[in-house]
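What follows is a short report on a single structure.
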Amino acid sequence: MAIQIDPSPAETTPYGTELGVGAVLEGSLSRSANKLHVTAQLVSTQNGYHLWSGTYDGQRDELYSIEEQIVKQTSRLLGVASREQEPSFSGRRTENSEAHDLYLGGRYFW
């Protein structure tokens with residue numbers, strides 16, 4: 001199963017203008033059984049150049065860990081506070097990967 005959640009490169013600049021941001025985080029996630037493959041890239045909205053990219057492989061239950069790695073690396077690059085420096089929201093997360101998939105599906109269609 002693969003879900004494409006990133007805009008095409010030609011759409012990056014208009015998104016940046018509309019949102020008032022200097023960079024957009026694009027990514028894709030593919031899943032096979034319990035294995036995940038995540039690709040993320042930070043793209044400048046001014047010129048479309050890639051500022052950073054990363055590829056992550058892990059188990060389905062490691063999704064939050066992968067997410068945290070991406071947050072840390074992009075936050076450090078942008079010079080902004082990461083979740084490590086903000087109050088923890090870990091109490092709001094589910095450990096049930098099926099429930100998380102259903103939540104993401106609902107967010108996609110909402």
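The values are calculated or read from the model by the stated rules, or taken from the named source; none is laboratory data. Keep in mind the model is a prediction, meaning the values are calculated, not measured. Positions of Cβ are generated from backbone atoms using ideal geometry, with glycine treated the same way; all protein chains shown enter the neighbour counts.
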Item to check | Among (1) surrounded by 15 or more Cβ atoms within 10 Å (Cβ to Cβ); (2) at pLDDT below 90, the one test that Leu42 misses | outcome: (2)
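Can you tell me which residue within the range 72-96, out of those that are modelled with pLDDT under 75 and in a helix (DSSP H, G or I), is surrounded by the most Cβ atoms within 10 Å (Cβ to Cβ)? Give the derivation first.
So in the range 72-96, the residues modelled with pLDDT under 75 come out as 81-95.
Within this subset, residues satisfying the condition of being in a helix (DSSP H, G or I) are 83-85, 90-92.
On the way: Arg83: 14, Glu84: 10, Gln85: 8, Ser90: 8, Gly91: 5, Arg92: 6.
Once the filter is applied, the top-ranked residue is Arg83.
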Checklist entry - With respect to Leu63, is the statement that it is surrounded by 12 or more Cβ atoms within 10 Å (Cβ to Cβ) and over 19 Å from Leu104 (Cβ atoms) true? => result no
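Among the candidates Gln41, Gln46, Gln69, single out the residue that is assigned to a strand (DSSP E or B), over 16 Å from Asp101 (Cα atoms) and of a type in the set (S, T, N, Q).
Working: Gln46 fails: assigned to a strand (DSSP E or B); Gln69 fails: assigned to a strand (DSSP E or B).
Criteria check complete, one pass: Gln41.
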